[in-house]
1. Any chance segment 377-389 includes a residue that's closer than 13 Å to Ala351 by Cα and in contact with a Leu (Cβ under 8 Å, 6 or more places away or on another chain)?
2. Residue check, Gly342 against (1) open to solvent by 10 Å² or more (accessible area, probe 1.4 Å); (2) assigned to a loop (DSSP other than H, G, I, E, B), all met but one. Which one?
3. Collect the residues in segment 85-113 that are open to solvent by 80 Å² or more (accessible area, probe 1.4 Å), touching a residue at least 24 places away in the same chain (Cβ under 8 Å) and over 20 Å from Ser56 (Cα atoms), keeping them in residue-number order.
4. Could you go through segment 454-467 and let me know if any residue there is open to solvent by less than 40 Å² (accessible area, probe 1.4 Å) and at pLDDT 90 or above.
5. Go through segment 394-414 residue by residue and tally those that are among the basic types (Lys, Arg) and either assigned to a strand (DSSP E or B) or in contact with a His (Cβ under 6 Å, 6 or more places away or on another chain) (or both).
6. Kindly establish whether Lys49 is part of a strand (DSSP E or B), in contact with a strand residue (DSSP E or B) (Cβ under 7 Å, 6 or more places away or on another chain) and under 17 Å from Ser353 (Cβ atoms).
7. Which condition from (1) among the β-branched types (Val, Ile, Thr); (2) part of a strand (DSSP E or B); (3) surrounded by 18 or more Cβ atoms within 10 Å (Cβ to Cβ) is the one that Thr334 breaks?
8. Would you check if there is a residue in segment 93-110 being in a strand (DSSP E or B) and closer than 24 Å to Asp379 by Cβ?
Amino acid sequence: MDYTLEKKSVPVRETVFDGCLEQPIDLDFTLPDYCPGIEKILKCTVTPKIHSKSLSGDRLTIDGAASVCVLYIDEEKKSVRSCEHSVPYSGSMTVRGDCSDAVFLATAKPDYVNCRAISPRRLDIHGAFSLCAKVEAIVHKETAVSCSEDDVQLKLKQAMCSRLCTLSHQQFTVSEELEPSAGSPAVRTILKSNVRVKSGECRIAGDKAMVKGEMTVRVLYIADNEISETAVMEFTLPVGQVVDTPGIENDAKTDYRLQLLSCDVRLKEDGSGDRGAVITVDARLCAYIAAYCDEKIEYIADAFSTSLELEGEYSQLQLMRLTDICRETTITKTSAELEANGISKIIDIWADSCTAESGFENGTAIVKGKLCVCILALDNDSTPFYTERSVDYLCPLKLSEADADNVMIEPLSRVDSVSYRISGGNTVDLRCEITAEARAFAVNTARMLTSAHADEERKKANQNDSALTLYYAKKGESVWEIARSYSARPDDVMHENEIADDVLDCDIMLLIPGI
């Protein structure tokens, strides 16, 4: 016979798919007529941008364009110039799993790029970038909590987990027109741009949430085309988006973030004037929200029958409880000695990439990684040169629970700023400000009964027919196991002996009532 188990379900977050797809770049590129010829290549970068993403059935598709930007020294004025070319792409991946009501997060990151000048006006470029996708969904995990048959004894346990009450995301666009402030050099030609997004706060109102943050746009440009004077301007813009969050609760722990999908920074065609051209910024962002509530669940950890030989099937269920959502900032200082003919001026300095991994050191939870600091400068002969340095960082986390054995940390990091000071002929002192974002989960694995059945012809050999049995128990023994061995009800044993806990705290003589 099969026993009927009553079950309850708990909605939890589950990663349905997590994978990457490499996209190659093979480009034979000729400079446009308005770009001067190349004497020396300084830096080539690939910036993949996501224009659209879709999930249909088991096919996940990401479309966009990879922007290839080459900084170089021109052969005429020996100054910094740039050229840019856009390469469209389309990538698709197969998702195996239930993607109904799923949230689809996509990122694009450069892997490598090699660039060489075949002639002063022709470039040979080879590289690759990765499209990474993560599909998350609300999955209902069922746990058995009771059985209708009187002969079945259940060992119930309780555990805390995080119930996922909402999982949402919303794409939105930001369009701005920017121009240098009064007193700043006018913009004539854009050499390079960098855009970064910083999450701020999340406010809940009813079944909606407002995610706020900042978008910083940094532009390296030529202010005077005749003498190729360069300048840098940086703008910080507030951004925000309302996201539908059905089922969210005011006391929920809210994991939120803003993600930059793509951004185009260019000169407005009709914006030239005394203060130079106006810069237009068109960005595509995504606001992501996952809200958790702590919930105590009950499950059947063990079972036996007082009359039949019961056979149970068990499964391992991972229970995750969100304990912390923290953002910690760290400052990393280092010195870089450059192999150059001295340094007369830093044209621009920025961080190209930042990795993040979590761990524990001396019992403290940390996020650590590397960032690549890119330096574009002039030597003592006013000749432009480019170099980069890898900088290690380590950011301690302040977690409420920091047990390395059962804490899982999902880390993210971003570079907020890179500043410098020229301290010697060839030495630059770097100061990097990095913010680490971490989601910490307490993880426990529970052994749960999923089904139970018994052969009605197989009576228990150890069934207790006595009205009362005496048993001399030792400290540390389990009442549950003692009752099982005598086919007695554990609750009856505990009640008869006025015992509150399953594990005995002293030697004792137990009275075991019969069935």
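1. yes
2. (1)
3. Pro88, Lys109, listed by residue number.
4. no
5. Residues meeting the conditions: 1.
6. yes
7. (3)
8. No, the conditions are met nowhere in segment 93-110.
The values are calculated or read from the model by the stated rules, or taken from the named source; none is laboratory data. Note that the coordinates shown come from a computational prediction; the quantities given were computed from them, not determined experimentally. When we count neighbours, we look across all protein chains shown, and the Cβ atoms used for this are built from the backbone with ideal geometry, even at glycine. Note: accessible area is taken over every heavy atom of the protein model, side chains too, but ligands, DNA and RNA are not part of it. Shrake-Rupley method; radii C 1.70, N 1.55, O 1.52, S 1.80 Å.
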